[in-house]
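Heads up, the thing below is written out as structure tokens.
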Amino acid sequence: MIDRDDTRITRRGFFWGIGVSAVSLIGLTAGQASGWLSPINLFAPRQQGEGPQSLPVNRTAEQAGVVELAMDPGWRLTVMNGAHGRAFSRAALQRMEQTEVELPIACVEGWSTLARWGGVRVGELLAAVGAPITSTLRITSFEPHGYYRTSMMGPEYIRDPATLVALELNGEPLDVQHGFPARVIAPGRPGVLQTKWLSMIEVIR
Ligand SMILES: Nc1nc2c(c(=O)[nH]1)N[C@H]1C(S)=C(S)[C@@H](COP(=O)(O)O)O[C@H]1N2
Ligand SMILES: [Mo]
């Protein structure tokens, strides 16, 4: 049985809690957006224009525990179509037709930064394993844990010629913080789905 007075106190506490979270959220957002508040910005490295290759970093390579794996010369990107697959070294990806696109990373945390990306069209990789452009893909990172290590990609992205497995960022090889050896970049995709540190692309239908 719940005592009425207890219930009322709990409710007050609940609303008070919401008020506090709303205030701190506004504080953090303002800190990211405007220069004069930047000393209190708790996400300092994620400001516009900051970070390696002039792009902020969400979850660093150190936080993701990928630094050694990213530098492994034995790295391959495996592309699976049913039982058939191919493993591409970074050099093999570089020998394929390269495409350059200008696309932003747009993070829900409140920043969006435009960058120049170079790499291989996802559609080309699918063609290399005989998969149609109407496929749906599961994309997996070699990041061992973490909420953003996998993403799905439907045909609406794949058939867009600007959807890449990116190898280069702003004219240089991807920094490890931005997904070296290879990451996904596609137009109109939320930042969380622009998977870094790729290991596998699977056709799931
Ligand atoms: N493997 C992996 N990919 C990831 C993430 C991650 O934590 N792990 N973070 C995502 C999020 S939330 C964003 S906004 C972008 C940021 O890319 P950047 O760090 O290169 O700017 O990467 C995405 N890709
Ligand atoms: Mo993000």
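The values are calculated or read from the model by the stated rules, or taken from the named source; none is laboratory data. These numbers come from a predicted model, not from an experiment. Quick reminder, even Gly has a Cβ in these numbers, built from the backbone with ideal geometry, and neighbours come from all protein chains shown.
A few remarks follow.
- Reported count of residues in the range 101-122, each being under 23 Å from R86 (Cβ atoms) and within 15 Å of ligand 1 (Cβ to nearest atom), is 3.
- Wholly within the range 111-205, strands (runs of 3 or more DSSP E) carrying at least 3 residues that are touching a residue at least 24 places away in the same chain (Cβ under 8 Å) and surrounded by 19 or more Cβ atoms within 10 Å (Cβ to Cβ): 111-121, 137-141, 164-169, 198-203
So that you can scan it fast, the table gives a plain yes or no per residue for (1) surrounded by 15 or more Cβ atoms within 10 Å (Cβ to Cβ); (2) modelled with pLDDT of 50 or more; (3) farther than 30 Å from G188 by Cβ:
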{"residue": "D6", "(1), (2), (3)": "no, no, yes"}
{"residue": "R11", "(1), (2), (3)": "no, no, yes"}
{"residue": "G35", "(1), (2), (3)": "no, no, no"}
{"residue": "R90", "(1), (2), (3)": "yes, yes, no"}
{"residue": "L103", "(1), (2), (3)": "yes, yes, no"}
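- Test: residue in the range 47-58 that is at pLDDT below 95 and either within 24 Å of I133 (Cα to Cα) or among the basic types (K, R) (or both): no
- Selected residue [within 23 Å of A115 (Cβ to Cβ), more than 15 Å from the chain's Cα centre (by Cα) and of a type in the set (V, I, T)] from T99, T78: T99
- Among the residues of the range 82-110, those identified as touching a residue at least 12 places away in the same chain (Cβ under 8 Å), within 16 Å of ligand 2 (Cβ to nearest atom) and over 12 Å from L164 (Cα atoms) are I105, A106, C107, V108, E109, G110.
- Test result for G118, within 16 Å of ligand 2 (Cβ to nearest atom) and closer than 28 Å to T60 by Cβ: no
- Members of the range 123-147 found to be touching an Asp or Glu at 6+ places or on another chain (Cβ under 9 Å) and away from ligand 1 (no atom under 12 Å from the Cβ), listed by number: G123, E124, L137, R138
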